[in-house]
Amino acid sequence: MKILPRSAFGQTVLLIGFLLFINQIVSYISFALYVIEPNQQQMNQLLAKQVRVVFIDIDDAKLSPKMAKAFHNETGIGVYREEDAYKFGLANAGLYPYRSEQMSELLGGPAEVRISQGDEYLFWIRAPQAPNLWVKIPLIGMEKGSFSPLIFFMIVIGLLSVMGGWVFVRQLNRPLKSLEIAAEAVGRGDFPDPLIERGTSEIMAVTQAFNHMSKGIKQLEEDRNLLMAGISHDLRTPLTRIRLASEMMQEQDDFLKEGIETDIEDMNNIIDQFIDYIRHDSKDKAELGDLNDLVNEVLNVETPSDRLITFYPADCPNIPLRHVAVRRALANLVQNAIRYTTDEIEVSTGVEKDFAFVKVSDNGAGIPEADIERLFQPFTQGDTARGTEGSGLGLAIIKRIVDTHGGKVELSNRPSGGLQAKVYLPLVFK
């Protein structure tokens, strides 16, 4: 399981969030070092001065109690023995070692600082001048939650920055998404309208290059179709003349006539395969249909009267089908099975993950494993065990149709002998 996103969009948002997080940490540390720390040092110095004032030695014994009482009334600062200090809140105060070290330096001896947080924010200081006494100094505006607004605003700023980065990157990647969709369409043989050139200069350059590439591929496709269609059309004219000439042959030449007519039929079939390979009905619109009905339709047409083809349908949802193209692909599969075996042929359907499938199995001689992938190339024929008839375009036509449909086709040898062809068609057209 991969935690980090693989898309440029996710990685960019993650990078922005990470940099912002580092920036927040640095800002917080800088604020602590250059704002909070100096304020703490200044406050410690003021506290140390107040402690020194508390322990000023006054010679007049009558004045000393009155002054201490007046000092306490005006400032709230009081001096308590340890047992009394515990009654007034020392028991709830926490020890602060760092502040104790600083106070020890300021007072010139070992000092202890404790802080209690309740209705009042109280500093309890044990000074080296009177180790048995605790000085209580109340401070206003030092409540524990005083830094909460700062943390809250930092979180809000962080979230707003990440959201802003997300929106920015999304806008930046929108042309790339359009480019991805258009590239997939070209891969299926569809040629969309030229993309609008927008976004950054680099993305505009890529979009412009893609538009030029798509236009060039479309032109090559049209030129190839025109060339192949012209050749196929021109070949039919001499074939027709040859057929007419064979009809005029005398009866003693019937054996020659039969051979010529057979060759003419073979050549016409080869020409039809060329046209099928060029056309492959990619312009057909995909509509929801029943795969089992389509297979039944093909079998009713393609099954010879002297052959046995058994169909095992399974429950399949309606899927988007280019009816004419898929029908041609299934017909080619069935024709191949009929051509290369004389035994029973099995056809079945089913669903696997995001695909519906049609499986055609025969009991023929099979194909060497090394040749299976090669057979999908145009003008490639199988091993002599499977025969050498045709132009070698049958499987290439099937693969071209299925690829255009967004599916896949697999060939494999059956353990019991024979070949199994499996065509996968997506449940949702892409």
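The values are calculated or read from the model by the stated rules, or taken from the named source; none is laboratory data. Just so we're clear, the structure is a prediction, and the values are computed from it rather than from any experiment. Backbone-built Cβ (ideal geometry, glycine too); neighbour counts: all protein chains shown. Ligands, DNA and RNA are stripped out before the accessible areas are found, and what is left, the full protein with its side chains, is counted by its heavy atoms. Shrake-Rupley method; radii C 1.70, N 1.55, O 1.52, S 1.80 Å.
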Round to the nearest 0.05 the FRET efficiency obtained for residue 32 and residue 100 when R0 = 22 Å and r is the Cβ-Cβ distance.
0.70
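For 240, 342, 310, give me the order by solvent-accessible area with a 1.4 Å probe, most accessible first, ignoring ligands, DNA and RNA.
342, 240, 310
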What distance in nm separates the two pseudo spin-label positions at residue 154 and residue 374, each 7 Å out from Cα along the beta-carbon direction?
6.8
Where 323, 405, 212 fall by accessible area, highest first, once all protein chains stay in place (1.4 Å):
212, 323, 405
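Go through 257/422; 49/87; 285/353; 215/399 and tell me which ones have a Cα-Cα distance over 32 Å in this structure.
Working: 257/422 40 Å; 49/87 26 Å; 285/353 24 Å; 215/399 24 Å.
Pairs exceeding the cut-off: 257/422.
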What order, most packed first, do the peptides 357-365, 194-202, 130-138, 179-187 have when packing is the mean number of other Cβ atoms within 10 Å of each residue?
357-365, 130-138, 179-187, 194-202
